[in-house]
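Reading through the structure tokens given below for one structure.
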Amino acid sequence: MSNWKHWRLDVDAAQLAWLTFDRANSSTNTFSSEALRELGEICAQLAAQPPKGLAILSAKENGFAAGADIDEFTTLKNSDEAFAFTKLGNDVFDQVAALPFPTVALIHGFCMGGGTELALACKYRIADDGAKTKMALPEVMLGIVPGWGGAKRMPLLIGAAQALDLMLTGRAVDGRRAKNMGLVDVIAPRRHFTNAATMLLGKPPAMHQPAFKDAITNWPIVRGFVASASLKQVAKRARKDHYPAPYAIIDLWQNYGGDPRNVPQDQPYSIAGMFKHPTTANLIRIFKLQDRLKALGASDVNIKHVHVVGAGVMGGDIAAWCALKGFTVTLQDLDHARIAPAIKRAADMYKKRLKQPHLIQAAMDRLIPDIKGDGVNHCDLVIEAIVENAEIKKKLYAQIEPKLKMSAILATNTSSIPLQELSLGLARPERLVGIHFFNPVAQMMLVEIVEGPQTSADVMKLSQAFVKKIDKLPLPVKSAPGFLVNRILTPYMTEAQVMLEEGFSAETIDAAAREFGMPMGPIELADTVGLDVGLAVGKELAKPGGPEPKKIQELVAAKKLGKKSGEGFYKWVNGRPQKAGGFGISDLAPLWMRMTLPAVNEAVACVREGIVVDADLCDAGVIFGTGFAPHRGGPLNYLKSAGKEKLLAEMKLLEQKHGARFAPDAGWSQY
């Protein structure tokens, strides 16, 4: 028996082979060229000396396989190397698919990209029935296509419509959903994998075939209709010039049988074309920045009980999310009437996410209404999420700080008030930290961990670890008005409102922002966040002599607060803004340039002032905190790619026309 670095092959007395993937020197299974070549060697040996069956499993606790080795992929020198890497994975997984005996993948934890493609190359799949099992082909999120057979095998297994939906969104499905879709054949607890695999390989059933309604989506006569419908859906979400990958996936399936080896390399949707596209590099960079943020929370955390004060939309949703992630949570407000809506929203979220009644009930049991505030005495972490007023917050701290355990952390969810101000009067200011969530809590990944001048290093470390524990991305920032994200977002939002008052329509302004690559225009975003919240943050961060838009003040005075009240800059019906068709301007670039340059300028200032450690983390914060045009890689990456001299020239013209708010920050000299 040969010795392999990343794989272990055992054959039992029943002549069943067990192949364990255990990537050397890594806590996670990923496919390097070396690991792929070894798998190819193993397949050749098994084909020459066939066992009665083969089970492929993972030795890693966190999952089956995470896909291609992203570090190797990002160091490929040119498109020829990218094609060779793609071809290697395809060739090896074709060897797996061609093995002349039953094969089964035993899937637990995450099974992403190449992991799912290896599972699809097996004749059968068994998945753990736990909630942590996730199968996906998320390559679209990296600006590439499923390159190792996923686009070929998944449509044949579950039908093109279901497969395209998964590939075009990158959405993950758990074991139960995968079973219902036909992606896996059996679901069973991981502890029963050996028995389940032995039974399946001993008496292999007929291989899964999609239902007729799914199978016909692969027929040549239907293929064009499916592709056309998919293109229409993609066009609603992503521009082809910004995000070519979803269009490439449809083209790959429709015209090349899902096999990237068949695509001529001079085509824009070929491996070479996608490798050269700037969006691909930027999305891969964002993926690595996400890993960097996760690493900032890679510490043990002894927080078990969280007490949230304030059951409004933010506080209630923070409490619900923490309970969802396994923490005991007490939620405090003045009376039951204020807490009840938060409990209802939590129940709705749990039903949607957890599905199973016993899991829903367990989460509800962890979320405890607490009008008297008894949880303060026992908790490990307090998160204050009350009105954005420093004096009111300080009065609350004076009441609860004496009741806290010595080891407890006092955190504020303030979006803009510096901790220097909030810490006045505290007996232990070193225990105060900002844990700033973004709205909507369940969807926004970023959480700013705000370090005041007196915040202890231990509190910062524990807070980052806590945020990682609730599956969010922690970003440490220094305390200053607006911290990082709101400070950068505010001038962008303000300029949009100034333009609105100059006579540009809300629809035109929002369309210009979307043309730049924002997921939502600034006027719609202001309505979504809440005009009262936006006005409060804007006043907190207003610079002397800067613009003070009047329309938002008038709307707030009239209680027209945006989406939550049914009217703001737009009227809202069934949760959607009512927009007029067309916007009458053909060249939107000057508009988005005018809106985005103040944000870029503020990002430059934040790095210069040390609000965040470096430009990369600044970009990560703005992307994950606001959705800033991901295909551009963040404001500072955009500065570099667009060219400093070009953007400075634009700023000079805008400064001459609109005033000092467009004056470049001193930090531009560093780029």
**Request:** Would you please list the contacts, defined by Cβ atoms under 7 Å and residues six or more apart or on different chains, that run from a residue in segment 148-159 that is crowded, with 24+ Cβ neighbours inside 10 Å to a residue that is part of a helix (DSSP H, G or I) and among the polar types (S, T, N, Q)?
**Result:** Trp148/Asn90; Gly149/Asn90; Gly150/Thr116; Pro155/Asn218
**Request:** Read through the list (1) surrounded by fewer than 23 Cβ atoms within 10 Å (Cβ to Cβ); (2) farther than 20 Å from Asn377 by Cα; (3) modelled with pLDDT of 95 or more, then give the number of the only condition that Ala342 fails.
**Result:** (1)
**Item:** Failed criterion for Trp572 (all others in (1) within 29 Å of Gly143 (Cβ to Cβ); (2) part of a strand (DSSP E or B) hold)
**Value:** (1)
**strands (runs of 3 or more DSSP E) contained in segment 417-504 and holding at least 2 residues modelled with pLDDT under 95 and in contact with a Ser or Thr (Cβ under 9 Å, 6 or more places away or on another chain)** = none
**Prompt:** In segment 552-578, how many are farther than 24 Å from Phe438 by Cβ and in contact with an Asp or Glu (Cβ under 8 Å, 6 or more places away or on another chain)?
**Reply:** 0
**Fill in**
When segment 109-142 is checked residue by residue, the ones that are within 22 Å of Pro204 (Cβ to Cβ), touching a strand residue (DSSP E or B) at 6+ places or on another chain (Cβ under 7 Å) and not hydroxyl-bearing (Ser, Thr, Tyr) are Cys111, Leu118, Ala119, Cys122, Lys123, Arg125, Ile126, Ala127, Asp128, Asp129, Met135
**Request:** Kindly indicate whether Leu88 is within 30 Å of Asn195 (Cα to Cα) and modelled with pLDDT of 95 or more.
**Result:** no
**Fill in**
Filter segment 360-416 for residues that are of a type in the set (Gly, Ala, Ser) and not in a helix (DSSP H, G or I); the one that is surrounded by the most Cβ atoms within 10 Å (Cβ to Cβ) is Ala385
**Filtered residue count, segment 316-335, keeping only those that are in contact with a strand residue (DSSP E or B) (Cβ under 8 Å, 6 or more places away or on another chain), more than 20 Å from Ile360 (Cα to Cα) and not in a strand (DSSP E or B)** = 1
**Message:** Consider segment 608-619. How many of its residues are out of contact with any strand residue (DSSP E or B) (no Cβ under 9 Å at 6 or more places or on another chain) and over 15 Å from Leu489 (Cα atoms)?
**Reply:** 4
**Item:** Selection from segment 257-301 of residues that are over 25 Å from the mean Cα position of the chain (by Cα), surrounded by fewer than 21 Cβ atoms within 10 Å (Cβ to Cβ) and either outside any loop (DSSP other than H, G, I, E, B) or in contact (Cβ under 8 Å) with a residue 40 or more places away in the chain (or both)
**Value:** Gly257, Asp259, Arg261, Asn262, Gln265, Ala272, Gly273
**Request:** Quick one: in segment 431-444, of everything that is touching a residue at least 12 places away in the same chain (Cβ under 8 Å) and surrounded by fewer than 18 Cβ atoms within 10 Å (Cβ to Cβ), which residue is nearest to Val622 (Cα to Cα)?
**Result:** Met444
**Residues that are of a type in the set (A, V, I, L, M, F, W, C) and in contact (Cβ under 8 Å) with a residue 12 or more places away in the chain, drawn from segment 635-668** = Leu636, Leu639, Leu647, Leu648, Met651, Leu654, Ala660, Phe662, Ala663, Ala666, Trp668
**Prompt:** From the residues in segment 519-554 that are touching a Phe, Trp or Tyr at 6+ places or on another chain (Cβ under 7 Å) and of a type in the set (A, V, I, L, M, F, W, C), which one is farthest from Lys579 (Cα to Cα)?
**Reply:** Ala526
**Request:** State all residues of segment 197-217 that are surrounded by 19 or more Cβ atoms within 10 Å (Cβ to Cβ) and either modelled with pLDDT under 95 or farther than 28 Å from Gly53 by Cβ (or both); if no residue qualifies, say none.
**Result:** Pro210, Asp214, Thr217
**Request:** Would you mind finding the one in Ala311, Ala248 that is assigned to a loop (DSSP other than H, G, I, E, B), at pLDDT 95 or above and either on the phi > 0 side of the Ramachandran plot or crowded, with 21+ Cβ neighbours inside 10 Å (or both)?
**Result:** Ala311
**Asked** Does segment 584-595 contain at least one residue that is in contact (Cβ under 8 Å) with a residue 40 or more places away in the chain, in contact with a Ser or Thr (Cβ under 6 Å, 6 or more places away or on another chain) and of a type outside the set (Lys, Arg)?
**Response** yes
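The values are calculated or read from the model by the stated rules, or taken from the named source; none is laboratory data. Bear in mind the structure is a predicted one, so any value in this text is a computation, not a measurement. All Cβ positions, even for glycine, are placed from backbone atoms using ideal geometry, and neighbour counts span all protein chains on display.
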